[in-house]
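Structure, as structure tokens:
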Amino acid sequence: MNEYLKAQSKTNDAILEGSFSTDELKRFSKSDFRWADNHKKPFSFRQIKKGEIYQFEFGKNYIPEMSYEHRGLVIGIKKKLLYVLPIFSYDPHKHPDIYHPVDFPNSKSDMYLLKSSEFTFITHDSILKLNDIRTVSIKRILYQQNGRIDPTSDTYKQIEALVLQKYFPGFYYDFKRNSQTITALNETVNALEENNKTLISEREKLLAELEALKAQIPV
């Protein structure tokens with residue numbers, strides 16, 4: 001209890017000192033309320049799929065970690081844990097360097113531009129934070145957003161590839177190199193199989209011609 005009172009006192013002092021804006025104070029108060037309200041509630045069954053968009057309560061965190069209420073793209077599911085990429089509003093003044101496969105294909109930015117003209121689940125241009133995967137409980141879901149990025153689509157596959165590249169560059173390089181090697185070997189095998197078929201066909205043709213010549217030789 002003493003530790004709790006010390007923490008509350010420290011938070012109150014920070015508030016009185018003006019350490020938090022009115023907006024942030026409101027947001028972390030909501031976050032604390034949701035945590036207190038939900039942390040002992042039983043898990044409810046939810047059918048969650050990769051590529052779906054949800055509104056999450058990410059809680060209080062340090063900058064530049066994602067905090068409070070934001071959308072997120074589900075890229076992995078492990079029982080009651082979700083692996084989520086946060087989504088937040090795009091501000092061209094704050095985010096001059098962003099990646100987009102068409103508009104900014106050469107950017108190495110960790111921020112992927114989601115254009116409202118391309119995705120139905122956003123009403124204004126937003127950013128997918130590629131370098132901030134969050135492992136969250138399904139209890140952090142507030143509600144489901146409309147829209148989904150199909151995991152079989154080129155867009156989703158590119159997002160997954162970029163995430164791997166950001167988090168595991170060595171693994172991604174080896175995986176890509178091995179994939180290219182396997183592709184080249186498969187092409188070689190296919191070429192050899194076709195060549196083998198050709199040789200078999202020519203052999204059968206020659207055998208047939210040989211049998212025909214034998215038949216012409218008088219006994």
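The values are calculated or read from the model by the stated rules, or taken from the named source; none is laboratory data. Nothing here was measured: the structure is a model prediction, and the numbers come from that model. Cβ placement follows ideal geometry from the backbone for every residue including glycine, while neighbour counts extend to all protein chains displayed.
For the range 3-24, which positions are among the aliphatic types (A, V, I, L, M) and either within 37 Å of the chain's Cα centre (by Cα) or surrounded by 10 or more Cβ atoms within 10 Å (Cβ to Cβ) (or both)?
Step one: filter the range 3-24 for residues among the aliphatic types (A, V, I, L, M), giving 5, 7, 14-16.
Hits for the range 3-24 are Ala7, Ala14, Ile15.
Looking at Lys78, is it among the basic types (Lys, Arg) and either surrounded by 14 or more Cβ atoms within 10 Å (Cβ to Cβ) or farther than 19 Å from Lys157 by Cβ (or both)? Write out each step before concluding.
Details: among the basic types (Lys, Arg): yes; either surrounded by 14 or more Cβ atoms within 10 Å (Cβ to Cβ) or farther than 19 Å from Lys157 by Cβ (or both): yes.
When the stated conditions are applied, Lys78 passes them.
Could you list, in sequence order, the residues of the range 1-21 that are of a type in the set (A, V, I, L, M), at pLDDT 75 or above and under 13 Å from Asp32 (Cβ atoms)?
Across the range 1-21, the qualifying residue is only Ile15.
Could you grab me the full set of residues in the range 21-54 that are within 26 Å of Leu128 (Cα to Cα) and either of a type in the set (A, V, I, L, M, F, W, C) or in a loop (DSSP other than H, G, I, E, B) (or both)?
Ser21, Leu25, Phe28, Trp35, Arg46, Gln47, Ile48, Lys49, Lys50, Gly51, Ile53, listed by residue number.
Does His124 satisfy the condition of being without any contact (Cβ under 8 Å) to a residue 60 or more places away in the chain, of a type outside the set (Ser, Thr, Tyr) and farther than 15 Å from His70 by Cα? Working first, answer last.
Details: without any contact (Cβ under 8 Å) to a residue 60 or more places away in the chain: yes; of a type outside the set (Ser, Thr, Tyr): yes; farther than 15 Å from His70 by Cα: no.
Judged against the criteria, His124 is not a match.
Could you say whether any residue in the range 66-81 is of a type in the set (Asp, Glu), part of a loop (DSSP other than H, G, I, E, B) and touching a Leu at 6+ places or on another chain (Cβ under 8 Å)? Break it down stepwise before answering.
Of the range 66-81, the ones of a type in the set (Asp, Glu) are 69.
The next check asks that each one be part of a loop (DSSP other than H, G, I, E, B); those that pass are none.
Scanning the range 66-81, I find no residue that is of a type in the set (Asp, Glu), part of a loop (DSSP other than H, G, I, E, B) and touching a Leu at 6+ places or on another chain (Cβ under 8 Å), so the answer is no.
Taking the range 138-154, which residues are at pLDDT 90 or above and small (Gly, Ala, Ser)?
Hit for the range 138-154 is Ser153, nothing else.
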